[in-house]
1. Among Ser40, Ser72, which is closer than 18 Å to Val238 by Cα, open to solvent by less than 60 Å² (accessible area, probe 1.4 Å) and either within 13 Å of the ligand (Cβ to nearest atom) or not in a helix (DSSP H, G or I) (or both)?
2. Which of (1) within 10 Å of the ligand (Cβ to nearest atom); (2) surrounded by fewer than 18 Cβ atoms within 10 Å (Cβ to Cβ) does Gly86 not meet, given it meets every other one?
3. Would you please list the contacts, defined by Cβ atoms under 6 Å and residues six or more apart or on different chains, that run from a residue in segment 5-18 that is within 12 Å of Asp34 (Cβ to Cβ) and more than 6 Å from the ligand (Cβ to nearest atom) to a residue that is among the β-branched types (Val, Ile, Thr) and not in a helix (DSSP H, G or I)?
4. Somewhere in segment 249-257, is a residue among the β-branched types (Val, Ile, Thr), touching a strand residue (DSSP E or B) at 6+ places or on another chain (Cβ under 7 Å) and in a helix (DSSP H, G or I)?
5. Identify, from the list Leu92, Leu123, the residue that is within 8 Å of the ligand (Cβ to nearest atom), open to solvent by less than 10 Å² (accessible area, probe 1.4 Å), hydrophobic (A, V, I, L, M, F, W, C) and farther than 23 Å from Glu239 by Cβ.
6. Need at least 2 residues that are closer than 21 Å to Ala11 by Cα per element, so show me which helices (runs of 4 or more DSSP H) inside segment 120-234 make the cut, counting only ones lying wholly within it.
7. If the requirement is being part of a helix (DSSP H, G or I), aliphatic (A, V, I, L, M), open to solvent by less than 70 Å² (accessible area, probe 1.4 Å) and away from the ligand (no atom under 14 Å from the Cβ), which of these qualifies: Leu27, Leu45, Leu22?
Amino acid sequence: MKRKKITVIGAGNVGAACAHWLVARELGDVVLFDIVDGLSQGKALDLFEASPIDGRDVSIVGTSSYAETANSDIVIITAGLARKPGMSRAALLEKNCSIISFVTQRVVKYSPEAFLLVVTNPLDAMAYVVKQISGFPKNRVMGMAGILDAARMRSFIALELKVSVEDVTAFVLGGHGENMVPLARYSTVSGIPLAALMSPEKIDAIIERTRNGGAEVVSFLKTGSAFYAPAAAVGQMVETILKDKKRILPVAALLEGEYGISGCYVGVPVKLGAQGVEEIIELDLLPEESAALEKSHQSVRSLIERLKI
Ligand code: TXD
């Protein structure tokens, strides 16, 4: 069987951690691309040299040439600037838009059939840019954020209750920003609703910490933002698509009427499989949850409008 080809654009913190995750699970041959001369080549070589120890038979190459990314099955886009302390994701908008626009044009020229998985911030607006520039169908262009945000929420719930992270589910809707919508009502521990296990005050504190999860890591690191958990979240999406697992995961997807939203990327529950975004699941939301989603949607939309794309 021919191995799948996965390209990671951007060999920085998230890109390199993604490559590591993908190679460690032998999901396919990995091409790591960066414009900084030597960066992707050095990291790819280092990763390849770990493979005899791990016993992983996949190739990993670093490059600054788009030709080497040709015919990828999946392209993960992490290129661009990351946040520094005190910065919002929105502050990255214009600069990252120009990087992402350029990258997308080059990527689609060489991999016209690929799934495009966007990671660069501000996430939902950048996914919209990639969709517009690529002209790809909406099932093949998606953004990663909800799995990460939900994983943060799951971690905090597990910490608080002193239970296994494995048993905790959580759902976060909306844009990947300060107005994201962690849905406590859809969070459970082995099927037991969160509200049966924790006081409303504790739940509120966890929701707040989830919203600030990215900033909390940035405030420690000072020179960049999170990358281990983001890479694991990207890896889970890649694995779900390549293995046609049809998992229901929070993914930034183009909405066309679902949740009363049209022409905007927002995080929603998605059935992810071999066709990419195969279905958008519409949950019944309470009025306050709908209002929170609408607020989050409006903040994404205002970023997109700023871009005039
Ligand atoms: O949940 C999420 N979606 C996110 C998003 C979670 C974590 C990080 N998130 C965002 O991903 C973050 O705000 C940034 O916008 C991206 C990448 O974050 P990372 O931490 O990996 O940033 P780095 O370490 O600065 O790496 C970025 C790399 C760096 O090596 C640059 O040389 C490269 O991008 N870069 C480019 N590569 C290819 N082509 C072009 N034009 C280019 N410009 C910069």
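1. On the way: Ser40 fails: closer than 18 Å to Val238 by Cα.
Matching residue, one of Ser40, Ser72: Ser72.
2. With respect to (1) within 10 Å of the ligand (Cβ to nearest atom); (2) surrounded by fewer than 18 Cβ atoms within 10 Å (Cβ to Cβ), Gly86 is out only on (1).
3. Partner pairs satisfying both residue conditions: Thr7/Val31; Thr7/Val75; Val8/Ile76.
4. Residues of segment 249-257 that are among the β-branched types (Val, Ile, Thr), as a first pass: 251.
Add one more test, that the residue is touching a strand residue (DSSP E or B) at 6+ places or on another chain (Cβ under 7 Å), and what stays is 251.
Restricting the remaining residues to those that are in a helix (DSSP H, G or I) gives none.
So far as segment 249-257 goes, no, none of its residues is among the β-branched types (Val, Ile, Thr), touching a strand residue (DSSP E or B) at 6+ places or on another chain (Cβ under 7 Å) and in a helix (DSSP H, G or I).
5. Numbers: Leu123 fails: farther than 23 Å from Glu239 by Cβ.
It is Leu92.
6. 123-134, 213-221
7. Details: Leu27 fails: part of a helix (DSSP H, G or I); Leu45 fails: open to solvent by less than 70 Å² (accessible area, probe 1.4 Å).
So the residue among Leu27, Leu45, Leu22 that is part of a helix (DSSP H, G or I), aliphatic (A, V, I, L, M), open to solvent by less than 70 Å² (accessible area, probe 1.4 Å) and away from the ligand (no atom under 14 Å from the Cβ) is Leu22.
The values are calculated or read from the model by the stated rules, or taken from the named source; none is laboratory data. This structure is a prediction, so every number in the text was calculated from the model and none was measured. Quick reminder, even Gly has a Cβ in these numbers, built from the backbone with ideal geometry, and neighbours come from all protein chains shown. Heads up: the accessible areas ignore ligands, DNA and RNA and are worked out on the full protein's heavy atoms, side chains in. Shrake-Rupley method; radii C 1.70, N 1.55, O 1.52, S 1.80 Å.
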